[in-house]
Structure formats: structure tokens, C-alpha cells
1. Suppose we filter PRO428, PRO421, PRO403 for residues that are more than 30 Å from ALA348 (Cα to Cα) and either touching a Lys or Arg at 6+ places or on another chain (Cβ under 7 Å) or within 16 Å of the ligand (Cβ to nearest atom) (or both); which single one remains?
2. Please state which one of LYS472, LYS489, LYS478 is touching a strand residue (DSSP E or B) at 6+ places or on another chain (Cβ under 8 Å), under 27 Å from VAL364 (Cβ atoms) and of a type in the set (D, E, K, R).
3. Quick one: is GLY219 touching a residue at least 40 places away in the same chain (Cβ under 8 Å) and either surrounded by fewer than 24 Cβ atoms within 10 Å (Cβ to Cβ) or in a helix (DSSP H, G or I) (or both)?
4. Checking GLU183 against (1) touching a helix residue (DSSP H, G or I) at 6+ places or on another chain (Cβ under 9 Å); (2) away from the ligand (no atom under 16 Å from the Cβ); (3) not small (Gly, Ala, Ser), only one condition comes out false. Which one?
5. What's the number of the only condition in (1) within 16 Å of the ligand (Cβ to nearest atom); (2) in contact (Cβ under 8 Å) with a residue 40 or more places away in the chain that SER316 fails to meet?
6. I need the full set of residues from the range 65-91 which are within 30 Å of HIS468 (Cα to Cα), within 13 Å of the ligand (Cβ to nearest atom) and not β-branched (Val, Ile, Thr), in order please.
7. Can you pull out the residues in the range 401-427 that are over 20 Å from HIS207 (Cβ atoms), exposed (fewer than 12 other Cβ atoms within 10 Å of the Cβ) and in contact (Cβ under 8 Å) with a residue 40 or more places away in the chain?
8. Does the range 287-317 hold any residues that are within 18 Å of PRO423 (Cα to Cα) and in a loop (DSSP other than H, G, I, E, B), and which are they?
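The values are calculated or read from the model by the stated rules, or taken from the named source; none is laboratory data. This is a predicted model, so every value here is computed, not measured. All Cβ positions, even for glycine, are placed from backbone atoms using ideal geometry, and neighbour counts span all protein chains on display.
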Amino acid sequence: MAISAEYKDADGVLEGKDLEGVRRRLLEKYPPKVARKRDKQIVVNRVGEDGSVPVVMSNVRTVPGLISQRGCCYAGCKGVVLGPTRDIVNITHGPVGCGFYSWLTRRNQTDPDSSPDGHNFMTYCFTTDMQDEEIIFGGEKKLRLAIQEAYDNFKPKAIAVFSTCPVGLIGDDVHAVCREMKEKLGINVFGFSCEGYKGVSQSAGHHIANNGIFTHVVGTDDAVPEGDFKINLLGEYNIGGDAFEIERIFEACGLTLVATYSGNSSIEHFARSHTADLNLIMCHRSINYVAEMMETKFGLPWIKVNFIGAAATAKSLRKIAAYFDDPALSERVEAVIAAELPAVEAEAAAVRPRTEGKRAMLFVGGSRAHHYQELFAELGMKTLSAGYEFAHRDDYEGRRVLPDIKVDADSRNIQELEVHPDPERYRPRVDAQRAETLAAKGVDFADYAGMMPEMPAGALVIDDISHHETEKMIALFKPDIFCAGIKEKYVIQKHGIPLKQLHSYDYGGPYAGFKGAINFYQEIDRMVNSRVWGYLKAPWQKNPELAAKYAFE
Ligand code: CFM
């Protein structure tokens, strides 16, 4: 990785500030019990010789009253994992707002022309629009009608149903309705019990989505696509067109992409994805479950890749070539890298004098706070502090800590599927000896090193950061750019700091792959060097006190 091993400050000091003091400042306003909990989620990074890092408490409930960046279980299941699939009719069983706000029309890009039937239902928002009557008397009847109506109008190959909070509270059996309608209509109809309140964040929804796709779709079509080097890309959701850029690169390299979970995807891709030769994982947090279940059932191995950052893209392509061990493929991959890198490097060199030494903070989701550090490093920028909204310890500290993770009641509530090797279709792609040879070439199967071992020692890692802590960090460090989402954007801009959304990319992107890196360099250059932020005065800087009067005595 291109990131420097350590900041030049003395141990425990960042930009002249004693980090223990900084931690105290973040916690001092909290009641003692809250401070004790948050204390375990705010950690100064240190990387041991063996790559070990400090423990970060994560994937635990947010303290009520703290303003968190997190979303809900339904958002993780319907919005994130299933949202980008163009030809499944996704019906939100619940009040209209849940469906509307997870419609994500700007976020979910797809190319319907690449499907022979041209099905694309992402431009529609399907919901049962639950009313008082259904909350009192049950919503199964309305759900049945909605499935029928969707079928009559669109004749889709599949219909998925997503439960929102009230569905769980009133006890509608969405799975029974789906089974009944599947039989009646003769198409795949399947439900997800992803009520918003389940688990502690959207991470629970990822797991539920993975279980549902794996149970109802993966392996339902054994037709093997043509191509010598067949791969699946897992945990890539085509934000800002990222998947289009990655697909372009794969095609140039001669790799056959069987399925992406789930950017620019079709249900047919998932159905035959078990026929691929290798699974690549981008976002480990959201999709590791599918990768592991596919390995157990079909013998399909997985490796971690990253296409955010030009160097990371080249490295990932070389890993794939090493796995297939084919001279013609390696040659093609090298030719693609050689053809693409000069333009990227030229842009980095042009921008770098203006970005070198600038400082970023990244608080995003469950994988991007790690991946985007690559791009900032390519600009000569340093990441002062980073954290995830909802990641688990393995995403911070690496999968080496998996055996040490305590499974609490909230996690136990999410079903772990029992998966066994398929009696006919289990086909291990690599034996132990070959795995060892490949490991020597840097192709590590079923491994993710985590964010912290690749972050400089002395950076501050904060899990599930609150708005209070965000404001303190900004006041203390005045970073040159802050990366988060729409909920944070305007609060941070009012502090005079540019905010780059790394969820939806603020209409920008793609940022993945080679062309994406160029886009990102240009965008960050514009943002960190814009003078407009210096002219801003937040309302509270001019008028620091809010006064109020009781309306009656
Ligand atoms: Fe994975 Fe994602 Fe992310 Fe995520 Fe997300 Fe996302 Fe994200 Mo927003 S699946 S963990 S739940 S990379 S929606 S496409 S950008 S928080 S860092």
C-alpha cells in the first residue's frame, strides 16, 4: 500500500496534539456510562511488527441520544444489496416513506441494454403503502394483491419482498405469502425479514440479504457462461458508475465477469454465479457471507481486491492474473496496466503540488473509509482520522481476530445459515499445495487484512462517530477535507470544511479503476483548493447564543 507507515510526530502525538488529550476532549461532555462505552470505540492506531493493532469495540448498539451516521437493517438489505439489481421487482412491505426514501434513483445506475429482455424496474418504486387498517388487521392481503399487480403489469422473472419495522411488529408472515405467490405465479418470489430495527445497523440487513440471495437464487442455473477466466465481483454496488469502469477494465484484460453483487446486475447473473472460477471481494463487510457460503457449498475460493486507487487496481489485476496462472492473461493484464497508468500518473503529478500534505478525515460505511485512503495517499494527502459507521472488528483489525469476536445477542438474532458441500456441484478450485504457491505470490485466500494495519500509526480510529465527536474533531484539527454522507454534509460545510460524499459521490464519479482515479484527483484538487470555504461564517460564529422564551408562564 502506498500509505506511509507512520506519521512523523512523536508516539501518541498527532499534529502536535497529544492524542490521549484529544480522546479526553471527545468524551468529556458525556455522562460517565456513555463515556466508558465510547472510550472503547475511539482508539489511537498502532501497528505491531506482526501487523497486530489495538482492539476497537464495534458492531454494538449506538447510545440513544447520540446522533449517529448509521442506517437501518432494511436500508442495508433492500437499499444497498438488492437495490442495484435491475430485473427484480423489489416491493417494500410497509409505509410509503420506507419505499420512497430507499428508492435511490440517483444512486442505482444500471445498463438495461446489456440484458436481452431489457427489464429494468429500478425506475419504479414498489410499496404496499401500509395504512392504519393494515397495521390493525394485518397486511398480508394487501401484500398478496401488490405481488399480483406487479406481476400482471411487468411479468418479471422475480419479485422480492422487504419487511419494514411495522411488519415485524404486527407479525405478517411475508414468507408464507411469498411461497404461496411463487406457486401461483410460477416465478421466484422471495421475502426478507429485514425489519429496520433488527441488529444494530444496516450491517444486519447485509447479512439477511446475503442469506436470501444465497437460499433463493444462487445455483438455480447451471449453464456455464463462455470464457476462460470467469470471475464474480462481490461487494461492488456501481455507485457513480464504478462498476462500469471496472467492467471496462475486466473486458480489456480478457476476464469474464459472471456476476457482480450487485452493481449493474441481473438476477440471472446471481443464478449462475456458482459456475465462476474465483470470487473477488471489494466490500468485505457487506458480502463476505455470500463468499463464504459459496466456498462451502461449491468450492469457489475468494480473494480480497480493491479497485479504488490506481495502484490498488493494478495490484488487484495482478493478483487475479496470478490466480489463473496463464501467460497470455498475464501479458494482457500487464498491457492494460501499461496502457492505463501513464494518464493516471500524469494527472496525479499535475495535481500533487496542490494536494501534497493536505489532510483528510473519512467516516464512511464499512469499507470505503479504508479503500479511499489509497486515493488520498496517491495525492500525497494524509488521513488523520478514519472510522466506519457499522463495520465489525474484522474490518478494522483484519480477519485474524475473527475467533476472538464475542457474538452478542444482537448478532445472534441474525440467522447463520447452515451450509454444506453440494453433493454434485462441489468442486474445489484450488488444492492446499496450489494455495500455498499462490500465497507466496501474494494471493491470499479468504483473508482481509483490515483497515488499521494499513493505516499510519498515530491516526485516530473512531467507530460509529457521533456528530458531537465530529464537531470536536473538526475544531481540533481543521482538516482540509472531510468525507462522509449527506446527513453530515451541511453541518460540516458550515464549519468551513469541504465535505466529499463517499456514499453517492455528490453526482461525481466513477472513482474506481484508472479513469475513476483521475476523476477523483481532479475533484479533490478542486475541493481542497477552493477558497470559498474560507469566506464562510456559520450562523453560530456570528451569533453564538440562541435565546428562547417560554410562550406562556
Ligand atoms: Fe460496503 Fe457499500 Fe460500504 Fe456498505 Fe453503505 Fe455504500 Fe458505504 Mo453508503 S455496501 S459498507 S452499507 S461499500 S451504502 S455501497 S457507501 S455506507 S462504505
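1. Numbers: PRO428 fails: either touching a Lys or Arg at 6+ places or on another chain (Cβ under 7 Å) or within 16 Å of the ligand (Cβ to nearest atom) (or both); PRO403 fails: either touching a Lys or Arg at 6+ places or on another chain (Cβ under 7 Å) or within 16 Å of the ligand (Cβ to nearest atom) (or both).
Of the residues listed, the single one that is more than 30 Å from ALA348 (Cα to Cα) and either touching a Lys or Arg at 6+ places or on another chain (Cβ under 7 Å) or within 16 Å of the ligand (Cβ to nearest atom) (or both) is PRO421.
2. Matching residue, one of LYS472, LYS489, LYS478: LYS489.
3. Working: touching a residue at least 40 places away in the same chain (Cβ under 8 Å): yes; either surrounded by fewer than 24 Cβ atoms within 10 Å (Cβ to Cβ) or in a helix (DSSP H, G or I) (or both): yes.
Yes; evaluated as a whole, the condition is true for this residue.
4. Failing condition for GLU183: (1).
5. Of (1) within 16 Å of the ligand (Cβ to nearest atom); (2) in contact (Cβ under 8 Å) with a residue 40 or more places away in the chain, only one is false for SER316: (2).
6. Those that are within 30 Å of HIS468 (Cα to Cα), within 13 Å of the ligand (Cβ to nearest atom) and not β-branched (Val, Ile, Thr): SER68, GLN69, ARG70, GLY71, CYS72, CYS73, TYR74, ALA75, GLY76, CYS77, LYS78, GLY79.
7. Just the residues of the range 401-427 that are over 20 Å from HIS207 (Cβ atoms), to begin with: 421-427.
Of the ones still in play, those that are also exposed (fewer than 12 other Cβ atoms within 10 Å of the Cβ) are 423-424.
Listed by number, the list is empty, since nothing qualifies.
8. Taking the range 287-317 as the starting set, the residues that turn out to be within 18 Å of PRO423 (Cα to Cα) are 292-301.
Passing the criteria: GLY299, LEU300, PRO301.
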